[in-house]
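Presented below is the structure to which this report refers.
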Amino acid sequence: MAASARLPCAGLRSLRRLLLGRPSHPGRLPARGLRAGVCLQQQEEFTSLEEKPQFPGASAEFVDKLEFIQPNVISGIPIYRVMDRQGQITNPSEDPELPQEQVLKFYKSMTLLNTMDRILYESQRQGRISFYMTNYGEEGTHVGSAAALSDTDLVFGQYREAGVLMHRGYPLDLFMAQCYGNASDTGKGRQMPVHYGCKDLHFVTISSPLATQIPQAVGSAYAIKRENTNRIVICYFGEGAASEGDAHAGFNFAATLECPIIFFCRNNGYAISTPTSEQYRGDGIAARGPGYGIQSIRVDGNDVFAVYNATREARRRAVAENQPFLIEAMTYRIGHHSTSDDSSAYRSVDEVNYWDKQDHPISRLRHYMVGRGWWDEDQEKTWRKKSRKRVMEAFEEAERKLKPSPQFLFSDVYCEMPWHIQKQQESLERHLKQYGEHYPLGQYEK
């Protein structure tokens, strides 16, 4: 007789022995036999596909047909937008109806960032700073999302979110000080250019390793949830960073711990030189959210109003419901990945020109303002001239300032400096005392 056919009889014999006070195996507690008998009886109750599965790992129904789920089960997550490329509102009910003053602030933040990018990019090409990353084409994702947040919300950036910090009021002279690593840099010259941070503006200092900010942001969101302070965390990253294991860990932790966080993915088409066609096979990044139990949306990242609406609603619900949200902003990186990259090696000039000339977030917002009578060509020329002057003044001031003291190489790590760091510091002091004439010490603060 097959083992499966003997199981019911064996179970009955065990139960009979238990009731008669005779354990089936010497030395084994009778309670185990009772549990085994009860579990066996419960299992026997499931006899057809109509019974609901009791597995703890998923909520689903039984089927009797072998079929794998296809990756294109969803034809494509739609892209939410508010205005078209000509700046026309497509659905009046979705118009945020922002006042003129606020829309002008959007535009000035976006164009000031664009101007700063051009000047600092050229300064790197001239050897004045060591490195730079532009934000060309992605200004709408920065400003639209930043405007929808509370000033106390905590921001974790990747390395292409300077517009978020600028819209929050970070001054040009500190942007320049950080890129030049001069004595006014709050990081004391220790970080690479564009690795900004500001405690007062709740902007966590940027770290180069890709996606490390994602689980860190989730941990901060969990702490904020426990404080119950009506704040959230927003974490920015690119579609390339979403391929890192840290992204999986962050998404899963945020969902299971029910953290008030917005995951904001800038899908700009390229992870350095890797196009999205080689980066993933699924439907972008927004399609991953439901798999983690995260509510998700895909927006037109070149539409500052669409970004604003989506971020504002996600923030409202994250606070009210203590839930994570995922926003995938579809945009395009017009500039090179960084000054270490030449994107002409992997994409055409025509492709770049299309996005620069036909679907730029700054142009779209300008069309909107002109249509409302809020902006004209004279105002454009005046503002461009004024903004360039502001950037150049901050640029020139940053170049004149001294570098931080070499002593900062050893400080701000330990509360009390350990002996081996003291030894290194003393060694440097002796070296500079003996060979100081060979170093440009005049460029550093004492």
(message) Out of the residues in the range 294-317 meeting the condition of being of a type outside the set (Val, Ile, Thr), in contact with a strand residue (DSSP E or B) (Cβ under 6 Å, 6 or more places away or on another chain) and closer than 15 Å to Cys259 by Cα, tell me which one is least open to solvent (accessible area, probe 1.4 Å).
(response) Ala314
(message) Looking for something surrounded by fewer than 20 Cβ atoms within 10 Å (Cβ to Cβ) and assigned to a helix (DSSP H, G or I) - is there at least one such residue anywhere in the range 232-242?
(response) no
(request) For Ser344, indicate whether it is free of Cβ contacts under 8 Å to residues at least 60 places away in the same chain and hydroxyl-bearing (Ser, Thr, Tyr). (result) yes
(request) Determine which member of the set Ala329, Ala254 is crowded, with 19+ Cβ neighbours inside 10 Å, aliphatic (A, V, I, L, M) and assigned to a helix (DSSP H, G or I). (result) Ala254
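Do we have any residue at all in the range 349-359 that's in contact (Cβ under 8 Å) with a residue 12 or more places away in the chain, out of contact with any Pro (no Cβ under 8 Å at 6 or more places or on another chain) and either within 18 Å of Gly144 (Cα to Cα) or assigned to a loop (DSSP other than H, G, I, E, B) (or both)?
Taking every residue of the range 349-359 in turn, at least one turns out to be in contact (Cβ under 8 Å) with a residue 12 or more places away in the chain, out of contact with any Pro (no Cβ under 8 Å at 6 or more places or on another chain) and either within 18 Å of Gly144 (Cα to Cα) or assigned to a loop (DSSP other than H, G, I, E, B) (or both).
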(message) Looking at the range 175-195, I want the residues that are closer than 16 Å to Gln443 by Cβ and have a partner that is among the polar types (S, T, N, Q) with Cβ atoms under 6 Å, at least 6 apart or on another chain. Which pairs are those?
(response) Ala177/Ser184; Asp185/Gln178
(message) If I ask for residues that are surrounded by 12 or more Cβ atoms within 10 Å (Cβ to Cβ) and either modelled with pLDDT of 95 or more or part of a loop (DSSP other than H, G, I, E, B) (or both), which ones from the range 393-407 would you list?
(response) Glu393, Ala394, Phe395, Glu397, Ala398, Glu399, Lys401, Leu402, Lys403, Pro404, Ser405
(request) Working only within the range 285-306, note down all residues that are touching an Asp or Glu at 6+ places or on another chain (Cβ under 7 Å) and of a type in the set (Lys, Arg). (result) Arg298
(message) Given (1) over 23 Å from Ala148 (Cβ atoms); (2) β-branched (Val, Ile, Thr); (3) touching a helix residue (DSSP H, G or I) at 6+ places or on another chain (Cβ under 6 Å), identify the lone condition not met by Ile294.
(response) (1)
(message) Of everything in the range 203-223, what is open to solvent by less than 10 Å² (accessible area, probe 1.4 Å) and closer than 11 Å to Cys259 by Cα? Give them in sequence order.
(response) Ala217, Val218, Ala221
(message) I need the helices (runs of 4 or more DSSP H) fully contained in the range 95-184, keeping only those with at least 3 residues that are surrounded by fewer than 22 Cβ atoms within 10 Å (Cβ to Cβ), over 21 Å from the mean Cα position of the chain (by Cα) and not polar (S, T, N, Q).
(response) 100-125, 172-180
(request) Might you let me know whether the range 259-272 holds any residue that is at pLDDT 95 or above, open to solvent by 50 Å² or more (accessible area, probe 1.4 Å), farther than 30 Å from Lys446 by Cβ and among the hydroxyl-bearing types (Ser, Thr, Tyr)? (result) no
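The values are calculated or read from the model by the stated rules, or taken from the named source; none is laboratory data. Keep in mind the model is a prediction, meaning the values are calculated, not measured. FYI the Cβ positions are ideal-geometry reconstructions off the backbone, even for glycines, and counts take in every protein chain you see. Surface accessibility is based on the protein's heavy atoms, side chains included, excluding ligands, DNA and RNA. Shrake-Rupley method; radii C 1.70, N 1.55, O 1.52, S 1.80 Å.
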